[in-house]
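What follows is one structure encoded as C-alpha cells, with my remarks underneath.
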C-alpha cells in the first residue's frame, strides 16, 4: 500500500537514496530539508532519476511551528 511520507533530510546523501527507493516503491514523498548539509541541486537530480517531480519544503526539522504546519497541511 502506497503512503505519503515526510522525509526529513531528504536532500542529503542517505535521504536522497531513501527518496529514490521510496518513490520506486510507489510512495508519495515530501522532502523537508534545510540544505545545511546538502546541495540545492539534489531535488532536480532526484526528479531526473525518478521521473517524478520532487515535493520539497525548505526548513529545519527543529522549527516546531514549521513542522506542525507541514504535518497539518500534508
- Complete set of residues in region 1-34 that are exposed (fewer than 15 other Cβ atoms within 10 Å of the Cβ), under 22 Å from residue 66 (Cβ atoms) and in contact with a strand residue (DSSP E or B) (Cβ under 9 Å, 6 or more places away or on another chain): 3, 4, 28
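Return the residues of region 53-72 that are closer than 22 Å to residue 2 by Cβ and surrounded by 14 or more Cβ atoms within 10 Å (Cβ to Cβ); say none if nothing qualifies.
54, 55, 56, 57, 70
Each row is one residue, and each column tells you yes or no for (1) under 16 Å from residue 12 (Cα atoms); (2) free of Cβ contacts under 8 Å to residues at least 12 places away in the same chain; (3) more than 12 Å from the chain's Cα centre (by Cα); (4) in a helix (DSSP H, G or I).
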{"residue": "32", "(1), (2), (3), (4)": "yes, no, no, no"}
{"residue": "35", "(1), (2), (3), (4)": "yes, no, no, no"}
{"residue": "46", "(1), (2), (3), (4)": "yes, no, no, yes"}
{"residue": "69", "(1), (2), (3), (4)": "no, yes, yes, yes"}
- Item | Verdict on residue 57 being within 17 Å of residue 15 (Cα to Cα) and either out of contact with any helix residue (DSSP H, G or I) (no Cβ under 7 Å at 6 or more places or on another chain) or in a strand (DSSP E or B) (or both) | yes
- Exactly one of 3, 41 is on the phi < 0 side of the Ramachandran plot and modelled with pLDDT under 95, and that one is 3
- Of all residues in region 35-45, how many are under 23 Å from residue 73 (Cα atoms) and buried (at least 17 other Cβ atoms within 10 Å of the Cβ)? 1
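The values are calculated or read from the model by the stated rules, or taken from the named source; none is laboratory data. As the structure is a prediction and not an experimental result, all values here were calculated from the model. Counting neighbours? That spans all protein chains shown, and the Cβs are built from the backbone with ideal geometry, glycine included.
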